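Some notes on the structure that comes next.
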Amino acid sequence: MVPYDSSPAALLHPGRAETWFAGGVPGDVESLACEASRLAYLPVEDSDAERVRLGAALALAGFGEPTPFDHPESHGQGYAALRGDGLALVAFRGTEADCIRDLATDARVFLRPWELGQGKVHSGFAASALGLWPDVNAWLEGPGVNRRRLLICGHSLGGAMATLLALPSGADELVTLGCPRVGNRDFAGAVRSSPGLVVRRIVNCCDGVTEAPPEWFGFEHAGSPVYIDRLGAVHLQPRAEFIRADRIQARLRYPIEHPFHTGAVPARDLADHAPVNYLRAFWR
């Protein structure tokens with residue numbers, strides 16, 4: 001099992017670690033989506049070496065050369081790649097804590113009509129998704145046109161963009177990690193009820209990002225949680241009472257098992273948001 005990582009590096013700079021694909025590629029879609037979402041943090045738009053590194057990591061999983069996406073105005077990033085068996089992968093990057101534009105995107109919480117679908121959605125998330133959509137759509141109609149199925153995924157802000165573009169892209173599977181609430185009831189209902197889309201909204205124990213923006217702002221999650229408990233076990237559609245009790249135990253144990261003086265981030269709600277702490281629940 002991948003060890004739990006409470007370090008600031010795992011949370012703030014998830015792309016710096018070497019790819020888990022080097023040790024083999026599990027067959028389940030959750031593991032693939034977890035590592036693909038983490039790899040979206042590689043700064044390929046700024047470095048040819050990082051672009052080569054992304055390509056090499058995806059090649060280990062059987063994918064061809066990736067196509068990066070970058071929208072400088074909204075600071076939205078992601079990539080797409082096609083595997084030999086016809087699986088198309090589109091992954092989006094989450095919030096970078098040291099980027100003021102990402103933080104500004106997250107802060108634009110007012111709802112606006114969704115141009116590519118039903119309902120109203122988070123204004124900041126919509127701006128990032130719409131900025132990337134022309135390039136994503138061009139890839140889907142170009143290099144990815146002969147795909148057999150499409151997996152769209154992302155972590156944090158990346159999960160929000162994946163949720164927004166899942167229906168416009170015609171995705172078969174949507175996998176999000178630590179995804180915030182994205183839109184109102186009409187938008188969430190459209191995603192949940194789409195007959196051709198399988199939704200896996202993965203929530204890691206105390207991850208605070210999954211509780212934002214608050215429901216009383218008019219937001220609703222698009223899908224029931226696939227819940228990772230404090231020990232790393234996965235639960236499908238768990239009862240709310242179980243989640244509350246598990247989170248209490250996790251928060252009580254965290255300062256004992258991961259004391260601040262050892263270099264751990266100060267709260268379980270932060271540590272649980274790190275992509276590697278999602279991957280650990282599925283990767284064997």
Check: If we scan segment 257-269, do we find a residue that is among the charged types (D, E, K, R) and surrounded by fewer than 18 Cβ atoms within 10 Å (Cβ to Cβ)?
Finding: yes
Margin query: Out of Ala264, Ala245, Ala281, I need the residue that is out of contact with any helix residue (DSSP H, G or I) (no Cβ under 6 Å at 6 or more places or on another chain), of a type outside the set (Lys, Arg), in contact (Cβ under 8 Å) with a residue 60 or more places away in the chain and over 18 Å from Gly154 (Cβ atoms). Which one?
Written below: Ala264
Item checked: Candidates Gly159, Gly154 - the one that is part of a helix (DSSP H, G or I), under 9 Å from the mean Cα position of the chain (by Cα) and crowded, with 24+ Cβ neighbours inside 10 Å -> Gly159
Check: Which of the residues that make up segment 131-151 are touching a residue at least 40 places away in the same chain (Cβ under 8 Å) and either among the aliphatic types (A, V, I, L, M) or within 16 Å of Pro66 (Cα to Cα) (or both)?
Finding: Leu132, Asp135, Val136, Trp139, Leu140, Pro143, Gly144, Asn146, Arg147, Leu150, Leu151
Checklist line | Filter result (modelled with pLDDT of 95 or more and not small (Gly, Ala, Ser)) within segment 31-49 | finding: Leu32, Cys34, Glu35, Arg38, Leu39, Tyr41, Leu42
Check: For the subset of segment 46-61 comprising residues that are within 12 Å of Gly15 (Cβ to Cβ) and of a type outside the set (S, T, N, Q), which member is surrounded by the fewest Cβ atoms within 10 Å (Cβ to Cβ)?
Finding: Asp46
Check: Only one of these conditions is not met by His75: (1) at pLDDT below 95; (2) on the phi < 0 side of the Ramachandran plot; (3) not basic (Lys, Arg). Which number is it?
Finding: (2)
Check: Which residues, counting only those in segment 5-28, are within 18 Å of the chain's Cα centre (by Cα) and crowded, with 18+ Cβ neighbours inside 10 Å?
Finding: Asp5, Ala10, Leu11, Pro14, Gly15, Thr19, Trp20, Phe21
Checklist line | Subset of segment 182-208 (residues that are in a loop (DSSP other than H, G, I, E, B) and either farther than 20 Å from Asp229 by Cα or in contact with a Gly (Cβ under 8 Å, 6 or more places away or on another chain) (or both)) | finding: Val182, Asn184, Ser194, Pro195, Gly196, Leu197, Asp207
Next item on the list: May I ask you to list the residues in segment 33-89 that are basic (Lys, Arg) and either touching a residue at least 60 places away in the same chain (Cβ under 8 Å) or outside any helix (DSSP H, G or I) (or both)?
Entry: Arg38, Arg83
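Table: residues versus (1) part of a strand (DSSP E or B); (2) under 30 Å from Arg16 (Cα atoms).
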{"residue": "Thr210", "(1), (2)": "no, yes"}
{"residue": "Val226", "(1), (2)": "yes, yes"}
{"residue": "Arg244", "(1), (2)": "no, no"}
{"residue": "Arg247", "(1), (2)": "no, yes"}
{"residue": "Arg253", "(1), (2)": "no, yes"}
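The values are calculated or read from the model by the stated rules, or taken from the named source; none is laboratory data. Note that this is a predicted model, so its numbers are computed, not measured. Neighbour counts are summed over all protein chains in view; Cβ atoms, including those assigned to glycine, are modelled from backbone coordinates with ideal geometry.
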